[in-house]
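Structure, as structure tokens:
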Amino acid sequence: MPQPSIFQNFIDMFMPMLGLYVAERVNGKNERERTYLHKQRLNPVYSPDQKWEGTSANTRYVKADYVALDSPLPLKRRGTISTSNGKLPKVGVRREMNENDINNVNIMEGQLSQLEADSDAYKLKKRQIIKKLADDPTFCSVAIDEQNEFTYLYGISNGIVLVQGDVNDPQNTGIGMRVNYGYNSNNILHTAVADECDGDDFQRINDKVNGDGNTTQVAMISKTLLDKIRKTRWARELAADYKEQIYTDASKLPVPTVKTFTEAFENEYGYGFIVVNRSILCEKNGKDVPVKPFNPDRIVFLPNADKDGSLVHGTLAEMTHPAENVSYKTIDEYKLISRLRVTEPSFAEVTKGQAMVLPVIEDVDAIYILDFSGQVELDESDKGDEAETDEKITIAGKTYKKNAVVDALNALGASVKPNAKDSAVIKKINALSDADTETLMDAIKDAVSA
């Protein structure tokens, strides 16, 4: 049976204004800057049936599975434990004040009683006590925001994400929900060489977008990848052209600044970048580890300038059936923060944050990706000039008849000459979409050479 907080008189003072405390903490000058793209680019949508189908015409492509939380990432299709019908996941976090923390507040409360009421010293000590007691509720609220930001950034850059369940739920035995936003594999193109790009790669994306009758309004990119691109010769020349500089192939051009390059890119292609450089602390083996959830090997081309989908949320059962002796506050309509005292398994003041919420990416058929991770590695023996008339080619560790590979590529419209170097053939393979790569590998499966 939960008991009211030991410090209920102080809880009653700040709990109704908890949202203000959270906003002050997140935006305060003494805290590191927190940006929440999911709050900027997702529309809050209330789901009365606790499901996330039907929030837009595109969510019919979205499905979720329950899988083990230690599943390796990136998440791929494989056998599942059970299938979800689109029910919103419940996420949660719990924080406790142990006896030592409680005694510290007791000491502060004793000091407060010795001060003259309404004196400056009294008001200062009172604010210190309230700040101490508000730390855990604030932490729980921000933790849910951080979870949503992680889900959004990982999901929009990979098309799939694993959402951890409620850590307070005793039935949660390491099971999470894999959400597949249903990205079209035909819309995922690869650079010919990992970590490198030029104007041809962006032109291929633009041609694909335009050919499908879609439009790119903005591209999302990691700061790491943007810095790599800025160092390429193509980026230097793009910036030089934008600044109307005169140069030759032998000219040494400086690496453009982020501002100059992004302006030059937008001037050339008609859309700009959203640069993502967001770290989120994830607890691993009891330690906080900073993780950057946005895929650093991808540029995501988005069809809408300001919105990517919905932040779908539902109503927790505890919102409509609150427990006795528990202090509650709802923040942002869907985050339920609660405070209570427990005596088992040990004496503690407990704060919980809970929510039924999921970032949902929509308009997925109009989202395109340029992947820089590379697809196929060229065998060392295939890199020399002697490969021009070779009858075999090694792809991903297997040797194939080269003429069969060339024929399959040409059938996909790649236009490869019969005597092309192996490196040229591999480059054509890497330029295929994921779907076309699967078609190619299926077409040459019987052309494995001894």
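Worth pointing out:
- Evaluated over the range 270-321, the Cα radius of gyration and Dmax, each in Å: 17.2, 52
- For Ser346 and Asn106, the FRET efficiency from 1/(1 + (r/R0)^6), where r spans their Cβ atoms and R0 equals 25 Å, is about 0.90.
- The translational diffusion coefficient of the range 217-348, from Stokes-Einstein at 4 °C and 1.567 mPa s with a Kirkwood hydrodynamic radius over alpha carbon pairs, comes to 66 µm²/s.
- For the range 391-433, the spread of Cα positions along the three principal axes, ordered from largest to smallest, is 23, 20, 15 Å.
- Accessible surface of the range 229-289, 1.4 Å probe, proportion on carbon and sulfur as whole %: 46
- Low-density loop cleavage sites - GluC sites (Glu not before Pro) in the range 81-156, where at most 13 other Cβ are within 10 Å (DSSP): Glu116
- The phi torsions of the range 122-134, fed into the Karplus equation with coefficients 6.51, -1.76 and 1.60 and a -60° offset, translate into couplings of 5, 5, 5, 5, 5, 4, 5, 5, 4, 4, 4, 6, 7 Hz, rounded to whole numbers, with Gly and Pro shown as x.
- Cβ-Cβ FRET estimate between Asn304 and Asp120, R0 fixed at 41 Å, reported to 0.05: 0.20
- Normalised by residue number, the volume inside the convex hull of the Cα atoms of the range 116-271 is 230 Å³ per residue.
- One decimal place: the segment Lys252-Gln203 gains 15.1 nm when fully extended, by the rule 0.36 nm per residue minus the C-alpha distance.
The values are calculated or read from the model by the stated rules, or taken from the named source; none is laboratory data. Note that the coordinates shown come from a computational prediction; the quantities given were computed from them, not determined experimentally. Every residue, glycine as well, gets a Cβ built from its backbone with ideal geometry; the counts of neighbours run over all protein chains shown. Side chains are part of the model used for accessible areas, which takes the heavy atoms of the whole protein and leaves out ligands, DNA and RNA. Shrake-Rupley method; radii C 1.70, N 1.55, O 1.52, S 1.80 Å.
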